[in-house]
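Enquirer: Take a look at the following structure, please.
The values are calculated or read from the model by the stated rules, or taken from the named source; none is laboratory data. None of the values given here were measured: they were computed from a predicted structure. Glycine gets a Cβ as well: all are built from the backbone with ideal geometry, and neighbour counts include every protein chain shown.
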Amino acid sequence: MKLDMVAGLARRIRDSIRDKLTRIATSNTRSIAGKLTLLLFVLYGGDYWDLNIPIVIFAAIGLVASSLQTNGWYWAVIVAVLAKGSLPRFFVLDNHKILMIYWALALALSATPAYLATNARRLIGLAFLFAVAWKIASPDFAEGSFFHLTLVVDGRFSGFTRIVGNVSADALASNQLSMRDLLSGDITSFKTVDSPGLSMIAVGMSWWTLFIEGAVAVAFLGAGWSHRLHCLRNPLLILFLLSTYAIATVIGFGWLLAICGYAQTENQEKRSRIAFLVALLVLQLYRAPWTQLTFSPTT
Amino acid sequence: MDKSERSLSIAQTAMPDNRVSSAFNPYIESLRQYGASTLLVVVALSQWSFVKNSNLTPWKGGGFGMFSTVDAGPFRRLVYRFKCQGIWTTVDVDLAGGPDLLRNTGEIRNYPSQDRLKTFTEALASMVWIRTDRTRHEHVCPTDHEQGQCPLYPYWLATTRTSLIQATQPVPRRSNNRQADTHYRSYSWSALPEKRLPSGDVQVVELIEVAVEAISYDRATRTVAQHVVARCVAPGLSTSQLKARLGMPLELGQRQ
């Protein structure tokens, strides 16, 4: 009797979730992408008060007034606010803050979900194309120097370096201290301390990054010409999101790409739509202090 | 699926992404389709040009080169060298009393084009400098100082005429009177935050050099080193300019 009740309840919950997911997968992508973008602005709108406060206010209004989420003029105001706050800091801001402006502009210009999908696909493809071009042009990327140094001195990678690279906390602290001394002028050079396998990991990460970013660029820019690329583009972007932001936890950037990815899906690509939405949630899990949870303070 | 969703679905299916619905104006149609991506391409090409020609770090100014090179803004540093009485010294400077241009050092680190670095250096050279000889780590990290682990560095404060004028009237005058001289000092720096009150003297700086250094990394030898990305030299204020700036009569103090 009790088992039947539990089974019935479980069935109702499952049906309810399936129903909600089906609704999300078949609803207006432009509206949901707008909503998620506004949430992105509220959460990761900017570090500068004169940019952050107006953008949070406008985004909050848009989140409450759902008709604004698909209103081109509303998005044009958002673009103006973002541009006013960002342009004076153009040479200081991170690139995803600038990418937010292109995306808000796409939302302002796109009258239909089809327009938005086209714009999202182009923005993703071009952003990855230029990212790969820079990495190929950079002499210290392909041969692994960039990732090698980043792994041993950049605090954002410490967890990964300790878990996968088997580098001790003392070694990382020593490298970071030396880097601080170098940048303050106390020393003119120093040698990094690492583990024997870290060099190969750095080279592997470099080639993986070149492969996945290049593949995303080709798949998104070539989706109109090749059915195979068209089918591959969503899995490749999701793979990029889940693999990259687990290590480099720039969650705001990850969210922006996931929202663009969601917006460019077609009606028949329901699984991809849900996967992009799930990716948004998974990216939040990456923010947890996994290093502290993995290692006790004494190790 | 309700009626509106179904009609939307049909509309999307009927309009492939590269053949979206026709509009009245072809220019607006093009803008809708290509506006955002064209802006991205323009910024990306400009960034490439700025990096290749004007020392912009690939991480900024559009930032498509982020995570591609160790030449990132936080790994660049500004090096200040002052020439006083014929001797060059590398110094630390405190620009809290300076104008916005000088306080926003992040921007000049990221993008030290010749023009921008020249403007920055000339702005530095036009300031009044006070040498305090306090320890850098005393300022940055009291704990290190307590442990006696920090060397002594020349430490320089910048101030401006504005910060002097902000002090209570009347405008102070230097004199040979020791008491008045003391009064002048405490009076003049009162515009600076209390904790920054300097204990040194105004200095004549003949030349100021500002260099932007970036790091490089040799993976084979595991060595991190620095190299100069850009540098600029500008003459500092002469004694007479300094006196005029501080409102000091030429016949008092050091004569030229």
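Enquirer: Across the stretch A:181-197, what is the total count of residues that are within 10 Å of chain B (Cβ to nearest Cβ) and of a type outside the set (Val, Ile, Thr)? Give the derivation first.
Expert: Kept after step one, since they are within 10 Å of chain B (Cβ to nearest Cβ), are these residues of the stretch A:181-197: A:182-194.
Narrowing the set further to residues that are of a type outside the set (Val, Ile, Thr) leaves A:182-186, A:189-191, A:194.
Looking only at that region, the number is 9.
Enquirer: Against the condition outside any helix (DSSP H, G or I), under 11 Å from B:ARG32 (Cβ atoms), in contact (Cβ under 8 Å) with a residue 12 or more places away in the chain and within 7 Å of another protein chain (Cβ to nearest Cβ), how does A:ALA106 come out, does it pass?
Expert: Values: outside any helix (DSSP H, G or I): no; under 11 Å from B:ARG32 (Cβ atoms): yes; in contact (Cβ under 8 Å) with a residue 12 or more places away in the chain: yes; within 7 Å of another protein chain (Cβ to nearest Cβ): yes.
So A:ALA106 fails the test.
Enquirer: Being buried (at least 21 other Cβ atoms within 10 Å of the Cβ) and either in contact with a Cys (Cβ under 9 Å, 6 or more places away or on another chain) or not aromatic (Phe, Trp, Tyr) (or both) is the filter here, so list the residues in the stretch A:130-139 that pass it. Please lay out each step first, then the result.
Expert: From the stretch A:130-139, those buried (at least 21 other Cβ atoms within 10 Å of the Cβ) are A:130-132, A:134-135; that's our starting set.
A:ALA131, A:VAL132, A:LYS135, listed by residue number.
Enquirer: Could you please give the count of residues in the stretch A:118-176 that are assigned to a helix (DSSP H, G or I), more than 11 Å from chain B (Cβ to nearest Cβ) and in contact with a Lys or Arg (Cβ under 8 Å, 6 or more places away or on another chain)?
Expert: Residues meeting the conditions: 2.
Enquirer: For residues that are facing chain A (nearest Cβ under 7 Å), more than 20 Å from the chain's Cα centre (by Cα) and of a type in the set (Lys, Arg), tally how many sit in the stretch B:47-70.
Expert: Final tally of qualifying residues: 0.
Enquirer: Taking the stretch B:222-256, which residues are among the polar types (S, T, N, Q) and modelled with pLDDT of 65 or more?
Expert: Start the filter on the stretch B:222-256 by keeping residues that are among the polar types (S, T, N, Q), which leaves B:223, B:226, B:238-241, B:254, B:256.
The answer is B:THR223, B:GLN226, B:SER238, B:THR239, B:SER240, B:GLN241.
Enquirer: For the structure I just gave you, tell me whether A:VAL216 is touching a residue at least 24 places away in the same chain (Cβ under 8 Å) and surrounded by fewer than 20 Cβ atoms within 10 Å (Cβ to Cβ).
Expert: Details: touching a residue at least 24 places away in the same chain (Cβ under 8 Å): yes; surrounded by fewer than 20 Cβ atoms within 10 Å (Cβ to Cβ): no.
It is false that A:VAL216 is touching a residue at least 24 places away in the same chain (Cβ under 8 Å) and surrounded by fewer than 20 Cβ atoms within 10 Å (Cβ to Cβ).
Enquirer: Tell me, please, whether a residue that is crowded, with 20+ Cβ neighbours inside 10 Å, hydroxyl-bearing (Ser, Thr, Tyr) and assigned to a helix (DSSP H, G or I) can be found in the stretch A:76-99.
Expert: For the stretch A:76-99, residues crowded, with 20+ Cβ neighbours inside 10 Å, hydroxyl-bearing (Ser, Thr, Tyr) and assigned to a helix (DSSP H, G or I): absent.
Enquirer: Can you name the condition, by its number, that A:THR244 falls short on among (1) within 18 Å of A:GLU269 (Cα to Cα); (2) within 13 Å of chain B (Cβ to nearest Cβ); (3) of a type in the set (Val, Ile, Thr)?
Expert: (1)
Enquirer: Between a first residue in the stretch A:135-159 that is free of Cβ contacts under 8 Å to residues at least 60 places away in the same chain and a second residue that is surrounded by 20 or more Cβ atoms within 10 Å (Cβ to Cβ) and acidic (Asp, Glu), which pairs have beta carbons less than 6 Å apart while being 6 or more apart in sequence or on different chains?
Expert: A:VAL152/A:ASP194
Enquirer: Give the residue, chosen from B:ASP115, B:ASP100, that is closer than 19 Å to A:PRO88 by Cα, modelled with pLDDT of 80 or more and surrounded by fewer than 16 Cβ atoms within 10 Å (Cβ to Cβ). Quick ask: steps written out before the conclusion?
Expert: Details: B:ASP100 fails: modelled with pLDDT of 80 or more.
Matching residue, one of B:ASP115, B:ASP100: B:ASP115.
Enquirer: Could you grab me the full set of residues in the stretch A:253-281 that are within 14 Å of chain B (Cβ to nearest Cβ), part of a helix (DSSP H, G or I) and surrounded by fewer than 18 Cβ atoms within 10 Å (Cβ to Cβ)?
Expert: Listed by number, the list holds a single entry, A:LYS270.
Enquirer: Follow-up. Take the stretch A:106-126 and flag every residue that is surrounded by fewer than 24 Cβ atoms within 10 Å (Cβ to Cβ) and over 19 Å from A:LEU221 (Cβ atoms).
Expert: Matches in the stretch A:106-126: A:ALA108, A:LEU109, A:ALA111, A:THR112.
Enquirer: Output yes when any residue across the stretch A:193-200 is in a helix (DSSP H, G or I), in contact (Cβ under 8 Å) with a residue 40 or more places away in the chain and under 24 Å from B:ASP71 (Cα atoms), and no when none is. If you could, list the steps in order and put the result at the bottom.
Expert: Initially, the stretch A:193-200 is screened for residues in a helix (DSSP H, G or I), giving A:198-200.
Checking which are in contact (Cβ under 8 Å) with a residue 40 or more places away in the chain leaves us with A:198-199.
Subset that is under 24 Å from B:ASP71 (Cα atoms): A:198-199.
Checked against the condition, which is being in a helix (DSSP H, G or I), in contact (Cβ under 8 Å) with a residue 40 or more places away in the chain and under 24 Å from B:ASP71 (Cα atoms), the stretch A:193-200 yields at least one hit.
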